[in-house]
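Report on the structure given below.
The values are calculated or read from the model by the stated rules, or taken from the named source; none is laboratory data. As the structure is a computational prediction, the values presented were derived from the model and not from experiment. Heads up: the accessible areas ignore ligands, DNA and RNA and are worked out on the full protein's heavy atoms, side chains in. Shrake-Rupley method; radii C 1.70, N 1.55, O 1.52, S 1.80 Å.
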Amino acid sequence: SKEFKDSTVQLIINNNESVVKVAQDLDINEKSLYSWVSTYKKAHNIPIKSRNVSSSTEPLELEVKRLRRELKIAKEERDILKKATAYFAKETL
């Protein structure tokens, strides 16, 4: 019912309860509960906290770029060594 949804959402908002914890306690799907909270906040003009995903993934993105650069260099070195090995193998035959 609407009253149940509103009281559940207010429990989360007012008591700073975790959506996951409340969902487990009430045996409700977490995604449904997140949807209820979002709908409630939109209906009552409560600002929705946006997750700042970019700041948490920034170090990972930097590491991925660094690792890709290192991989490119390693592949170039490998290719040079393959060519050198083939060259010296021909000379010895």
Requested in this report: Please report, as a whole percent, how much of the solvent-accessible surface of the chain comes from carbon and sulfur atoms (probe radius 1.4 Å).
Outcome: 55 percent
Report summary line: Note to self: with every protein chain in place and a 1.4 Å probe, the chain gives an accessible area per residue in Å² of 87 Å²
Query - Within the chain, helix-based [θ] at 222 nm, where runs of 4 or more DSSP H residues each add -39,500 (n - 2.57), nearest 500 - result: -28000 deg cm²/dmol
